[in-house]
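Peer 1: Below is the structure I would like to discuss, written out as C-alpha cells.
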Amino acid sequence: MTSRIPLAMYPTGQTCRICDVCAGKGLKRRLMEMGLTPESIIQPLGCNRGSFLVLVNGTRYALGRGMANKIIVEPVYGEVPQFG
Amino acid sequence: MEKNHNGLKYISLLWGILYMAAGLVQVAKGVGLLPASLVSSSLLPAELAGGLVLVVIGAVFFVATFEFSKDSFEGSAYAYVGILLCLVFGTLYFLSMVADLINAYILAMEGYEKWTFVDSFKPALYLGILSGVVYAVWKNRFKPVNQGGF
Amino acid sequence: MAEKIKVAVAGNPNVGKTTIFNALTGARQKVGNWPGVTVEKKEGTKKHKDHILEIVDLPGTYSLTAYSADEVVARDYILEEKPDVVVQVLDSTNLERNLYLTSQLLEMGTNLVLALNMSDRAETRGDDIDIRRLESLLGVSAIKTAANEGRGINALLDSIVNKTESNPPLPHEIGYGGRVEENICALEEILGSDRELSKNYPSRWMAVKLLEGDENALSKLSSSSIEGKVQNFLSDLDHEEYEVEMADKRYEFIGTLLPQVCTTCAEDVSPSDMVDKVITNKYLGIPIFLTLMWGMFELTFAFATPFMELIDMFFGWLAAAVTSNIETVWLASLLGDGIVAGVGSVLLFVPNIFILFFVIALLESSGYMARAAFIMDRLMYTMGLQGKSFIPMLTGFGCSVPAIMATRTLEDEKDRLITMLVTPFMSCGARLPVYILLAGTFFSRQAGSVIFGLYVLGILVAIVSAKLFRTFIAKGQPSPFIMELPPYTRPSLKDSLQHMWNQGYLYLRKVGTIIVGGVVLIWLLAYFPQGADYGSADSLIGSLGKLIEPLVAPLGFDWKIAVALVFGFVAKEIVVGSLGTLYGTGEGEALSSALVADPGFTPAIALGLMVFTLLYVPCIGAVAVIKKETGSWKWMFFQAAYSTAVAWILALVTIGVGNIVL
Ligand SMILES: Nc1nc2c(ncn2[C@@H]2O[C@H](COP(=O)(O)OP(=O)(O)OP(=O)(O)O)[C@@H](O)[C@H]2O)c(=O)[nH]1
Ligand SMILES: [Mg+2]
C-alpha cells in the first residue's frame, strides 16, 4: 500500500519519508537547499497545535502547519535506513 | 528503566504538590481570597505573578508524574525541565534576597528598617534550595536519556 | 607595500560566521544561537604577514539564490563585489547541507577557503573528517576551526593569504548530465556571444543560474544584446522541473564526495529533543515562556535596587555639592536642576539596563529563541503572521532598531512589513526607566508585576495590530513557517558579560550625547525667560507645554507630562530625564517624593503614562529605521500615527479603569 499524505495529517510520532513537496515556484528548491531533500527520512519529535518539530538528515527543523501541509510523506516500514 | 524512574516518579509528584500548593496559596492571597496573614505573610506572601510561576512549575511536575504513570520515559524529561525551572527561580529569589540584604544592612535604605531575613525567604527560594539538594544528589537520574524511539 | 585582500565570510546561517569574523578581526559583532542574527554586512580589517585583510561578515544563506532581504545582501556581495577570497564557514556536524553552498561557490569560480567550524562538536560526536582528502577532491583549502575557543584561526589566516598567492582556480564543473547538460551548453553559446557579460560572469555559471530560473540572473541580462534570445530559449522550458533536478544533481555530487572524506556518526533522537518536547508542549509551552519572561523582569527590577541606591547617593551628594559650591545662580541651576537632576535620573537606571541586557544575552545564546518562535507559531498564525516574526519581536525587548532590521530574515514582503510595523510595540530597554520610576514610586511592592504586565500588554497590542494589518492593509496568508533549530548550548558567562557591556556601553554613550543634549535644552526652556520662576507655567517650556496640553488633557496629563512625552520622541529615556529636570528636585528618591506630592499625579495617571510611553510613537531612531527598511515615508508616518492613536486610546481606558479601581 502506498499512502501518500501531507505530513500535517500523518499519525503523530511515526517515522516517514518525504516523497513530494506540493509547493509553488521556488519553495521546493528552498526546502532542498535547507536540507529537506526528497527521499529523506523524517523523524517527528513533537507536535504543537499543528506545528511540527522534525529531525531530518541530522538537523532539527520547526515547521508551521502551512509547511507541514505542503510536504507529502509516505510511511517507511521495517528497518529505518541510517543516513550519513 | 523501572528502578531508575521510581524515585523520580515520587519526587515529581511531591514537588508538583509542593509547588502547586504554594503557588495557589500565593495567588489566592494575591487576589484577596485568603487573608494575607494566613500561616505567615512572609513565608507565603501575597504575590499574584510569583504564585502563577510556582503553579506553572507545579504543572510541569504533574505532567511528569502523569507520564511516569503511563510508564513513558518522557516523564524524566518533564522532571528535568521542572527541576531546572526550580533552580532558575531559586537563583532569582536568592539574588533578590542578596539585594535586600545589602539594602537593609549595608545601605540602610529607607523602608528596610524592619526588614528581616525571613521577609525575602519566599517559597521559590526555600523550595529552590530543596530542589538544589535533590538535584545535586540525583544529578544522573534527572538527565533525560534517550531510551529508543517514540 | 602592504597588499590589500578583500575577504568575505559566507556560509549557512548559524554556523559561526560572526564568531569567526570576530576572532579574525577582534571585532565584537553580535553572536547569537539562532539562524539570522547577522542581517547586514559588517566590515573589519586585520593585518597578517604584510597583507591587509579587509574582511566582511555576511548574513547567512543556504544558497546563492536569495529568498529574503538578508540573503540578498550576502548574494550581492559575493556576486558583485567579487572578493579576492571567500571563506565559507561550514558546520562540521552537517557537512552534506553545508556543501550545497560550497558546490555553488565552486561553480562560480570563487577563490574558496573552507573553515570547518564547530569541529569541537563533531569530535565529541566521534566524526572523522579527512581534510586533506576534501581539499584535493574539491581543489580548495580547508581548515578545521572551533571559533568559540579560538582554535584554527591562525591557520585560517595563513591559508587566506596563501590562497591569494596561488593561481586563481578554474570554475569547478558539476556534470548535470542528460538534457540539462545539453541546455546548459546551448545557453552557454548564446551567452558567450556577449563579451561584456561573459567578462563579468562566467558563462557556464550564468547558464546554470538561468536554467534554474533565478530571477536575479535574468535581471543581469536586461541591458545586454542577447536578452531576447535567452528569453526565447527559456520560455520553451519548464523551470520547476529543472530547478529540482539540478539541486538533485548537486546533492548527488556531494553524496559521492562525502563518504570519501568523512565518517559521520549519525545522530539520533537526543536528550535535547526530549527537553524540546517539554518546552514546546501544547499546554505548557506558552506558560513556560511567560514564566521565563517574568523572571527576567523581576530580576531586572529586584537585583538592581542596591546599585540604584548607590548611584542615587552619589547624585544626591553631587547635587548638594553643586548647590553649596557654585554661586552663579544660572550655572548652579544648569548643573543642579538640569544636568544632575535630568541626566542623573536617567543614569539611575543603568543597573537595570545592564541586568536586562545580561539576561537577554543568556537567552540568546542558549538556543531558546528559535524554540520561542516555534511555540508562538500557532498563535502568530491565527493573528496573520508566522513564528519567525516573533524573533524580531523578542529582539525588540532590547532595542527596536536592530529588531526592525532583523525582520530582513522574513521571506515574504507582507509578513515583513507587518512585523516591522508592530515590532516597536515590544517594550525596549529605553522605556524601562519610565516604568521603574513610576511603578517603583506608585506601586512599590507590586512594581515587578506591573512592569511585567506592561511587557505583556506590548506583546498583545503587537499581535492584535498584526491581525488588523493583515485584515485591512496587507491582505493574504502568512508564508509557511520553517526554521532550523540550533542545538542548545550552555551560555558562557564571559560572552554574556561581554554582550552586556557592548549593549550597555551604547546606552551610556546615548546618555552622554542625546540625553544630555535633550536635558540641557529642556533646562534652557525652563529657565527662560528671565523673571519667570524656574520650570513654572510662565517659562518658555511652560508656554510650550500649555500649548500642547489640550492634546493630552482628556487623559488627565498636565503640561509637564506633555512636554516630557514630546521630548521623549528623541529618546524615550528623556521622559524620565525631563520629569527630573522639570520637577527640579535632583533624582531618584527626591523625584519620587516630588511626584507623589504632586496632586496631579495619581497612581491611575502614572499607570496611564506608562501605557502611553509604551505604545506611542517610537523614538526617532526607530522611526528612521522604519523609513529606511520599508523604503517609504508613507509607512513611517502610518506607524507613527497608528501607534500614537493606540497609545492615546489605551491610556484613556487605563486611566478610566484605574480611577475606579485604584
Ligand atoms: N560548539 C561550537 N559553537 C560555536 C562555534 N562557533 C560558533 N559557535 C556558536 O554558534 C552560534 C552561532 O554563532 P554565530 O557566529 O552567531 O553564527 P553566524 O553564522 O554568524 O549566524 P548568522 O549570523 O545567524 O547567520 C553561537 O552560539 C556561537 O557561540 C564552534 O566552533 N563550536
Ligand atoms: Mg552572524
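The values are calculated or read from the model by the stated rules, or taken from the named source; none is laboratory data. The model shown is predicted, which means the values in this text are computed figures rather than measured ones. Using ideal geometry, Cβ is built from the backbone for each residue, glycine included, and neighbour counts are taken over all protein chains shown. Heavy atoms of the whole protein, side chains included, go into the accessibility calculation; ligands, DNA and RNA do not. Shrake-Rupley method; radii C 1.70, N 1.55, O 1.52, S 1.80 Å.
Peer 1: Treating the beta-carbon of each Lys and Arg as +1 and of each Asp and Glu as -1, no other charges, what is the dipole magnitude of chain B about its Cα centre, to the nearest 20 debye? Working shown, then result.
Peer 2: Numbers: 9 positive and 9 negative charges, 83 e Å.
In debye, rounded to 20, chain B gives about 400.
Peer 1: Follow-up question, since we're still on this one. Which residues' amide hydrogens lie under 5 Å from the amide hydrogen of C:His48, considering only partners 5 or more residues apart or on another chain, with H built in the peptide plane?
Peer 2: The list, which skips near neighbours in sequence, is C:Leu53.
Peer 1: Give the value in nm², to one decimal: projected area of the alpha carbon convex hull of region C:185-252, averaged over all directions.
Peer 2: Mean projected area of the Cα convex hull: 4.4 nm².
Peer 1: For C:Leu24, what accessible surface area do you get with a 1.4 Å probe? Give it in Å², rounded to 10.
Peer 2: My reading of the accessible area for C:Leu24 is about 0 Å².
Peer 1: Given the options C:Gly26, C:Asn154, C:Asn14, identify the residue whose Cα lies farthest towards the positive end of the charge dipole of region C:3-165 (+1 on Cβ of Lys, Arg; -1 on Cβ of Asp, Glu).
Peer 2: Towards the positive end, the residue furthest out is C:Gly26.
Peer 1: Can you list residues whose amide H is under 5 Å from C:Leu662's amide H, if they're 5+ apart or on another chain and H is modeled 1.01 Å from N?
Peer 2: Amide H neighbours of C:Leu662, under 5 Å, 5+ apart: none.
Peer 1: What trypsin sites (Lys or Arg not before Pro) in region C:408-498 are in a loop by DSSP, with at most 11 other Cβ atoms within 10 Å of the Cβ?
Peer 2: Listed in order of number, the matching sites are C:Lys475.
Peer 1: Could you work out how far helix C:305-325 tilts from the main Cα principal axis of chain C, as a 0 to 90 degree angle to the nearest 10?
Peer 2: Tilt relative to chain C: about 50 degrees.
Peer 1: Please give the FRET efficiency for C:Lys494 paired with C:Lys82, using the beta carbon to beta carbon distance and R0 = 56 Å, rounded to the nearest 0.05.
Peer 2: The pair C:Lys494/C:Lys82 has a calculated efficiency of 0.90.
Peer 1: Of A:Ala68, A:Cys16, A:Ile5, which is farthest on the positive side of the dipole of region A:5-75, counting Cα position, with +1 on Lys and Arg Cβ, -1 on Asp and Glu Cβ, and the Cα centre as origin?
Peer 2: With unit charges placed on the Cβ atoms, the residue in question is A:Ala68.
Peer 1: If you don't mind, there's one more thing I want to ask. In debye to the nearest 20, how big a dipole does the protein assembly as shown give about its Cα centre with +1 on each Lys and Arg Cβ and -1 on each Asp and Glu Cβ?
Peer 2: 1180 debye
Peer 1: Let me spell out the model: positive unit charges on the Cβ of Lys and Arg, negative unit charges on the Cβ of Asp and Glu, origin at the Cα centre of region B:1-78. What dipole size does that give, in debye rounded to 20? Working shown, then result.
Peer 2: Values: 4 positive and 5 negative charges, 32 e Å.
Approximately 160 debye in magnitude.
Peer 1: Can you give the accessible area of C:Lys47, probe radius 1.4 Å, in Å² rounded to 10?
Peer 2: That residue has around 140 Å² of solvent-accessible surface.
Peer 1: Take peptides B:106-119, C:382-395 and line them up by average Cβ neighbours within 10 Å, highest first, as a rough protection proxy.
Peer 2: Values: B:106-119: 12.3, C:382-395: 26.0.
Listed from highest to lowest mean packing, they are C:382-395, B:106-119.
Peer 1: According to a simple spin-label model (label point 7 Å from Cα along Cα-to-Cβ), what is the distance in nm between C:Glu149 and B:Tyr10?
Peer 2: 4.2 nm
Peer 1: Right, another one. What is the ratio of the Cα radius of gyration of chain B to 2.2 N^0.38 Å, where N is its residue count, to two decimals?
Peer 2: Numbers: Rg = 17.5 Å, N = 150, 2.2 N^0.38 = 14.8 Å.
The value comes to 1.18.
Peer 1: What is the count of Lys pairs in region B:5-142 whose alpha carbons sit under 21 Å apart, if the two are 8 or more places apart or on different chains?
Peer 2: So the count works out to 4.
Peer 1: Here is the link list: C:Lys42/C:Lys209; C:Lys4/C:Lys49; C:Lys4/C:Lys82. Which ones come out longer than 22 Å on Cα distance?
Peer 2: C:Lys42/C:Lys209
Peer 1: Moving to a separate point now. Of B:Val63, C:Ile288, C:Val464, which is farthest along the charge dipole of the protein assembly as shown in the positive direction, counting Lys and Arg as +1 and Asp and Glu as -1 at C-beta?
Peer 2: My answer, from the dipole projection, is B:Val63.
Peer 1: Reachable lysines from A:Lys70, Cα under 19 Å, same-chain residues fewer than 8 places away excluded?
Peer 2: In chain and number order, the partners are A:Lys25, A:Lys28, C:Lys388.
Peer 1: Okay, next question. If the cut-off is a Cα-Cα distance under 12 Å, which aspartates and glutamates reach C:Lys546, setting aside same-chain residues fewer than 8 apart in sequence?
Peer 2: C:Asp538, C:Asp558
Peer 1: Based on alpha-carbon positions alone, could you give the equivalent ellipsoid semi-axes of chain C from the gyration tensor, as √(5λ), descending, whole Å?
Peer 2: In descending order, the three semi-axes are 53, 26, 25 Å.
Peer 1: Just by accessible area at a 1.4 angstrom probe, what is the order of B:Ile11, C:Ile78 from largest to smallest?
Peer 2: On the way: B:Ile11 30, C:Ile78 5 Å².
Most to least solvent-accessible, the answer reads B:Ile11, C:Ile78.
Peer 1: Ok, one more. Using only Cα atoms, find the angle between the long axis of helix C:285-302 and the longest principal axis of chain C, and express it within 0 to 90 degrees, rounded to the nearest 10.
Peer 2: So the inclination is approximately 50 degrees.
Peer 1: Taking trypsin sites (Lys or Arg not before Pro) as exposed when DSSP calls them loop (any state but H, G, I, E, B) and at most 16 other Cβ atoms lie within 10 Å, what is the longest stretch of chain A free of them, the sites themselves excluded?
Peer 2: A:50-84
Peer 1: Further question: Hey, got the Cα dimensions of the protein assembly as shown along the principal axes, in Å, largest first?
Peer 2: Principal extents (Cα only, largest first): 87, 72, 56 Å.
Peer 1: Under the rule of -39500 (n - 2.57) per DSSP H run of 4 or more residues, summed and divided by the residues of chain C, what mean residue ellipticity at 222 nm is obtained, to the nearest 500 deg cm²/dmol?
Peer 2: -19000 deg cm²/dmol
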